[in-house]
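Laboratory data are not the source of any read-out in this text; all were calculated from the coordinates shown. What you see is a predicted model; the values in this text were computed from it and never measured. Virtual Cβ from ideal backbone geometry, glycine too; neighbours counted across all protein chains shown.
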Amino acid sequence: MIYRLEIARIAERYFDRLERATQQRLRAAIEELTEEPRPRGCRKLQGYDDAYRIRVGRYRVIYSVDDQEVIVLIVKLGHRRAVYRKR
């Protein structure tokens, strides 16, 4: 089953500011989530019902999966030292 991909505006803005090589790596990892939303190596985040993260080098992609609607929502992405901080 192929999941539909949605990206939050804040994640889109952060993605646009990254260098092209990093964008390509992140884009490839994000597109793989449409085929397998819980790939090997993903981790469920504590304190959230349906939030997961994948590692892409020094960057993290935080996302949620809605199996009823068949949607993967990219909530946030960022460098590993700052992505988990609340603003």
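Out of curiosity, is Arg27 loosely packed, with under 11 Cβ neighbours inside 10 Å and either not β-branched (Val, Ile, Thr) or not in a helix (DSSP H, G or I) (or both)? Full working, then the answer.
Values: loosely packed, with under 11 Cβ neighbours inside 10 Å: no; either not β-branched (Val, Ile, Thr) or not in a helix (DSSP H, G or I) (or both): yes.
Considered against the rule, which asks whether it is loosely packed, with under 11 Cβ neighbours inside 10 Å and either not β-branched (Val, Ile, Thr) or not in a helix (DSSP H, G or I) (or both), Arg27 comes out as no.
I'm trying to understand the selection: among the residues of the stretch 1-31, which are acidic (Asp, Glu) and closer than 18 Å to Glu69 by Cα?
Step one: of the stretch 1-31, the residues acidic (Asp, Glu) are 6, 12, 16, 19, 31.
Passing the criteria: Glu6, Glu31.
Got a number for residues in the stretch 44-58 being exposed (fewer than 14 other Cβ atoms within 10 Å of the Cβ) and under 20 Å from Met1 (Cα atoms)? I'd like the intermediate steps shown before the answer.
Residues of the stretch 44-58 exposed (fewer than 14 other Cβ atoms within 10 Å of the Cβ): 44, 46-50, 55, 57-58.
If we keep only those that are under 20 Å from Met1 (Cα atoms) as well, we get 50.
Number of matching residues: 1.
Every residue in the stretch 1-21 that is over 14 Å from Lys76 (Cβ atoms) and surrounded by 15 or more Cβ atoms within 10 Å (Cβ to Cβ), please.
Hits for the stretch 1-21 are Tyr3, Leu5.
Do the conditions hold for Val61, that is, is it touching a residue at least 60 places away in the same chain (Cβ under 8 Å) and surrounded by 11 or more Cβ atoms within 10 Å (Cβ to Cβ)? Let's see the steps before the verdict.
On the way: touching a residue at least 60 places away in the same chain (Cβ under 8 Å): no; surrounded by 11 or more Cβ atoms within 10 Å (Cβ to Cβ): yes.
So Val61 fails the test.
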